1. A:Gln162 - would you say it is within 25 Å of A:Gly360 (Cβ to Cβ), part of a strand (DSSP E or B) and touching a Pro at 6+ places or on another chain (Cβ under 9 Å)?
2. Suppose we filter A:Gln525, A:Gln504 for residues that are without any contact (Cβ under 8 Å) to a residue 60 or more places away in the chain and not assigned by TED's automatic domain parsing to the domain that holds A:Gln404; which single one remains?
3. Please work out which residue is nearest to the chain's Cα centre (by Cα), limiting yourself to segment B:59-84 and to residues that are away from ligand 2 (no atom under 14 Å from the Cβ) and buried (at least 22 other Cβ atoms within 10 Å of the Cβ).
4. What are the residues in segment B:45-75 that are aromatic (Phe, Trp, Tyr) and near ligand 1 (Cβ under 9 Å from one of its atoms), if any?
5. Residue check: is B:Glu141 surrounded by fewer than 22 Cβ atoms within 10 Å (Cβ to Cβ) and either more than 16 Å from ligand 2 (Cβ to nearest atom) or outside the structural domain of B:Pro11 (by TED's automatic domain parsing) (or both)?
6. For A:Ser533, which of the numbered conditions (1) outside any loop (DSSP other than H, G, I, E, B); (2) closer than 30 Å to A:Thr616 by Cβ fails to hold?
7. Check segment B:110-133 and report whether any residue there is basic (Lys, Arg), within 16 Å of ligand 2 (Cβ to nearest atom) and touching a Phe, Trp or Tyr at 6+ places or on another chain (Cβ under 7 Å).
8. Taking the stated definitions as given, is A:Met358 closer than 30 Å to A:Thr215 by Cβ and part of a loop (DSSP other than H, G, I, E, B)?
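The values are calculated or read from the model by the stated rules, or taken from the named source; none is laboratory data. Not measured: the values here are computed from a predicted model. Because the Cβ atoms are built from the backbone with ideal geometry, glycine has one as well, and the counts that use them run over all protein chains shown.
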Amino acid sequence: MTAPTNLESTTSGGVGDSPQRPDGTRKVKGEFAYSSDLWHDDMLWGATLRSPHPHAGITAIDIGEALATPGVHAVLTHDDVPGVRYYGLDHPDQPVLAIDRVRYQGEPVALVAAEHPEVARRAINKIGVHYQVLEPLTDPRRAAFDASAPRLHEHGNVVRHQPVRVGDVQKARAEADVVVQGEYQIGMQDQAFLGPESGLAVPAEDGGVDLYVATQWMHVDLRQIAPCLGLPEDKVRMTLSGVGGAFGAREDLSMQVHAAMLALHTGRPIKIVYNREESFYGHVHRHPAIMRYEHGATRDGKLVYAKAETILDGGAYTSSTANVVGNAASLGVGPYEVPNVEIDAYGVYTNNPPCGAMRGFGAVQACYAYESQMDKLAAALDMHPLDVRRVNAVSEGSKLATGQLVDTPAPLAEMLRRLKNIPLPDPTDNSDIRNLPGGVSNTTHGEGVRRGVGYGVGLKNICFSEGFDDYSTARVRLEVIGGEPAALVHTAAAEVGQGLVTLQAQIARTELGIERVTIAPADTQIGDAGSSSASRQSYMTGGAVKTACEAVRASLFGRAAARFGLPEEDLSLIGGKLISARAGVLVALADFLGDEVIEEVREYHHRPTTQVDPTTGQGDSHTQLALCVHRAVVDVDVELGLLKVVELSAVQDVGKILNRTSLEGQIHGGTAQGLGLAVMEEIQLSEGKLRNPSFTDYLIPTILDMPPMRLDILENADPHAPYGLRGAGEPSTLSSTPAIAAAIRDATGLSLPRVPVRPDDLTPTS
Amino acid sequence: MRLNLTVNGEPQQADDIWPGESLLYVLRERLGLPGAKNACEQGECGSCTVYLDGVPACSCLVAAGQAEGHDVVTVEGLAPGEDDLHPVQEAFVEAGAVQCGFCTPGLLVAAHNLVEHNQNPSDAEIREELAGNLCRCTGYEKILDAVRLAASRTRNRKQEAGT
Ligand code: FES
Ligand code: FES
C-alpha cells in the first residue's frame, strides 16, 4: 500500500542513528520535573501509616488525636475509601487501606494530609491502631505444601502452580550417563530505582481528579484507581510525570489512590513523596526462589531430561505472581533442547513483602538455576562450560519445553563462539591496590587472590505472553509549523529512563522523512500503550508509532497520487520532500501540505499467543524470545571473602539496532542489576520484617563495583517485529548473575548454590 | 526561623523554616530549585550533591541552619548561561550517560568538580571521585565515557585559552 521503509537513506536522527535524548538537556540542567518535584499553590502533604506487623488483625483505629493536631487537614482510614476497597494488577485483593487484617509489614493502614511533611509524619504516629498480632507465615515451602499453614487468602496459599510435562522423565533417567542435581536459592532483590514513589493529585471542579505520577503503565493504574475512588474513568485524568527509574517496581500502584483520596476529601492538591525507607515498603520486589533441579545427560553432554521444582515467594498479595510463575515454568530449562521435561513452578502467598515485577520477571530465577546446572554438568563430564551449552543450544526450528517452535533466528551456538573469542583481560596489576578486591581498604596486595571465569546464558520472553491481548496506541499528526513539516507523536507509553521518547521520534523521522518531531506528554487522553515492562515498548509502542506514521504517509500519498497522476507505490518521503521513483523530487512536503493537517491514530498488536495447558504447560505462549550470553571474570580474595568483578562481556542478539547508545545503556544497566543480584543485593527478612530498608544496608553497585563491559551486539532480524527488532531491556539481567556466580565458583572451588553470594559464603568455617 | 544564603550567585532568603529541615528541602521546597534530588536523604546516594562553599556536599545531610550565610551552587547553576551547557552537561547528554536522570544532577556536580581539578583523570580516578554517587540505570559505562569526554574538552578549552 505504501512504499517500503527505506532504512538505508536514513534521515538524520532516524532509526539506526543515536540522536540525543529529547529530554536530555532538561535533565542535565535540573529542569526536568520528576514526580517528586511537583508543586502546587495551596498543596498539602500526604503521609501513610503502615503496619509494623507482618501479620495481625485490626480491632480498632483511633484517629482523634492525629486529627486534632494543628496543621492536619485529614486523617483517613478504610472507612473513607469512596469506592471499591481493593485493587490489584491481576486480581483485586490488596486493600487500599487495611480493613481488619494486615498481611505484611508496611501495609498501608491510614493516611494523613497536613501542611508540612513533618507535621504529617508526626500525626501518623498519633493514630492509635489496635492490632492482634498473628503468627506470620514466612516459609514459602510451607505455604506451598503444608495444608495446616495459616490461610492468608480465601482460596488458599498457592497463587499458581504451573507444571510443564514433555516426554517421560522416569524412562529417560535410564538413558542418562550422568545426573547432576542442585538446590538453588535467590534472595529478594529490590528494584531500587532512585526516584522515590511520589506524585501530585489535584482535585478538579467536575468532582474528578488530575493525577501526575511516575508509573510504568497509566491505563492499568487508571483501571484500578477509578473504581477505588468511585469515579468513572474519564474523571480520573492521568499525566505521566518524570520517572526516576522503574524496573518493574512501578507496575503496581503505590501512592496513587491515597493521594487522590486525600485530594478529593480535602479539596486541596496533595503531594506524596516516599522517603527511601518507605519506598522499600511501598513497592513489590523480585520473588525470592527455591529451586530444585536435576539434569541427566549422555556422555557427550547431550541433555536427555530435566526436572525442576521452583517455589516463588509472592508475599502477601497476588500482584503479578501468576505471570512470574508462567515464566519460571515456560523458560525453566532455558534455551536448551531437552527431550524430556518435568517442571513444577509454584507461586505462593506468605506474610513476606509482596513480590511482583522486576526486570527479568521469573526468567531471572530460572536462569540462575539452569545455568548453575549446566556448569555442574560440564564439571561432571569434564567438558568446557561453553561446549556443554553449545551441544544443547536451541536454534531456529527447535522446540521449547512448552512445545513452542522457535520460528525466528536463535543463533545461540554462534553467540557462544563469539563470546569465547573475546580476549580475556590481562592478569591483575597488583601494584595498584585499587584493582584488587577490597580496593583502597588495603586488605591485600595480591596474596590470596584467585581469578575465576564463568559463563551465563539467558532466554527471555519479550512482550506479554500467555494469550494476553497486548497492544499499544499512537497518534501521529503531521503539519507545517514555521514553514517546516513537523510531526507530533502522542502515546500513553511511560518513559522511565530507557529512552522510548528518543526512539519514538527516530521512528517518526524515518517513516515520514522529516527532522522535526515532538513527543507529546504521555497521558490517558489517548488509548492504552501497555506497560513499560517485559522489554516491550520498542516493539509495541515503536510498532504503534510506525503504524500510525504509515497511515499518515498513506493518506498523504493518496492525495499526492491523485494530484500528480502517479501510482502511490512510487512515492516516498525523504529529506522533507515528496519523491517519485520515476519522476524524482515532486514537491517539498511543506508546500504540498500547506495548511492541511494529517492525523492518524493506530493500535498495534503483536501476533497472538496462547495460554499454556494448565497440566502440561504446552502452548505457544510467547511472541518473541531474546538471547543474551555473558562471560564474567572475577578476582576473589579467598582468605577474606572479598571479591572484585574484573570484567563482564556480553553477546546479545537484538534483531536490529535502533539506537546504539540507548541500547548499550540498556545492556549495561541490565548487566549491573544482574551483578547486584549475584554479589550484594538482598532484602533481608526476619520473621517477615525487613531488616535493611535503606541504602546504607541494602547495597546496589557503585561505579567501583562495576567493571568495564564489552558488548558484541548481533542483528538477526525477527521478521514479525517492527524493523526486525528484539526487545533488549531485560536479557542481560538474566545472564550476568549466573556468569558471575560461576566465575566465583571457578576461583574458589565452592559450590555456592545461593545468590547473592555473601562474604561468609566465600570463607566457610565449617 | 529565617535563612539567608547565596544560591547560584543570588542572595536568597527563606522564612518560617522548621529547624529540622535540610538544605536539600529548603532548596527544593522553599526556593523552587528541585534540581538536587532526594533519592535517599541519608547521605548514601549522592543525588542531592551541591557545592557548599565550593566543595561538593550531600545537601540532605546539611541542616538548613548550617547553610546560613554560605554559598551554594546547584545543578541549576552549573551552566555558564541560559542557553549554554557546561562541558560536563554536554558530555552527559552526548555520551548517553543520562537515562532516567535522577542521579544526574548529583553526578554532574561531582563530575564538574573532578574536571575542574583534573583534566586528565585516569579511569581509576574517575571511579574514585564518583564512588559516592549511585546510578541504577546505566551501569556507569556511559558515565565514564561522559567524564572522559568532558575532561578532554575542558583540557582543550583551557589550552586554547592559554591557561
Ligand atoms: S539524597 Fe542525599 S545522599 Fe542520597
Ligand atoms: S540514570 Fe537513572 S539513576 Fe542514573
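1. yes
2. A:Gln504
3. Per the stated criteria, the residue is B:Thr74.
4. Residues satisfying the conditions do not exist here.
5. Answer is no for this residue.
6. (1)
7. No - not one qualifying residue is present in segment B:110-133.
8. yes
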